[in-house]
Amino acid sequence: MHIAFDTVRQITTPDEKGYTLLPPNRLILEISEKSDLPTHRDGIRLLSPLNSFKERLVQYAQQLKIKFGIDDFGVGYSSVSRLAGLKPPYVKIDRDILHQQQSDIIIRFVRELVAKSGELHVIDIVVEGLDEHSPVKLHQLKQLGINYVQGYMIGKASSEVYRLTPEKYESLRKLIYEASD
């Protein structure tokens, strides 16, 4: 893992006054599917990189009280077995999936996989990279059971938390329900 355990502990542990830089229940670390799992630890080859990685995630989650999500699902090293093995509470479907000819089938498959499997504990699926040029539209994602999206259509990435303006809210509402009006 590329994140130092001590750094995460430092920003999530209350100081002497009881304040934290970031409450642990508000922190979600994303595991990028564009990176392979570590195959060695302390110079020793791991027999099962997935199990070793999973054990470390469980340690982080239990000790630091934080959550993990899978980012970039559908590209790189992602696989259904990795999704099932890690059991993340969040999965972000990579923007490249939106530009695949059969994107609706892929999104529906991921949605049904996590919805029907008692093994997986995925709470939310996020489709990332949605913009005005995406072949899959907001109302189609809603019909596919996707409740969360990221992308320029919603707003540019920012370190600030902001609320949608009433105008932006109304334009997005229209895009969500345009097929059913």
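The values are calculated or read from the model by the stated rules, or taken from the named source; none is laboratory data. Bear in mind that the values here come from a model prediction, so they are computed numbers and not experimental data. All Cβ positions, even for glycine, are placed from backbone atoms using ideal geometry, and neighbour counts span all protein chains on display.
Annotations
- Scanning segment 9-37 for residues that are surrounded by 13 or more Cβ atoms within 10 Å (Cβ to Cβ), at pLDDT below 85 and touching a helix residue (DSSP H, G or I) at 6+ places or on another chain (Cβ under 9 Å) turns up L27, L29, I31, E33, L37.
- The residues of segment 28-37 that are of a type in the set (S, T, Y) and either in a strand (DSSP E or B) or over 19 Å from F73 (Cα atoms) (or both) amount to a single one, S32.
- Filtered by the rule that a residue be modelled with pLDDT of 85 or more, hydroxyl-bearing (S, T, Y) and in a loop (DSSP other than H, G, I, E, B), segment 156-172 gives a lone residue, T165.
- Selection count where residues are in contact with a helix residue (DSSP H, G or I) (Cβ under 9 Å, 6 or more places away or on another chain) and part of a loop (DSSP other than H, G, I, E, B), scope segment 38-47: 3
- Contacts under 7 angstrom Cβ, first residue in segment 94-106 being closer than 19 Å to I31 by Cβ and among the aliphatic types (A, V, I, L, M), partner assigned to a helix (DSSP H, G or I) and at pLDDT 85 or above, 6 or more apart: I97/S103; I97/I106; I97/I107
- Filtering segment 123-181 to residues that are hydroxyl-bearing (S, T, Y) and more than 26 Å from L83 (Cβ to Cβ) leaves Y152, S158, S159, Y162, T165, Y169, S171, Y177, S180.
- Check on L175, surrounded by 12 or more Cβ atoms within 10 Å (Cβ to Cβ), touching a strand residue (DSSP E or B) at 6+ places or on another chain (Cβ under 7 Å) and outside any loop (DSSP other than H, G, I, E, B): no
- Flag for D15 being in a loop (DSSP other than H, G, I, E, B) and within 20 Å of the chain's Cα centre (by Cα): no
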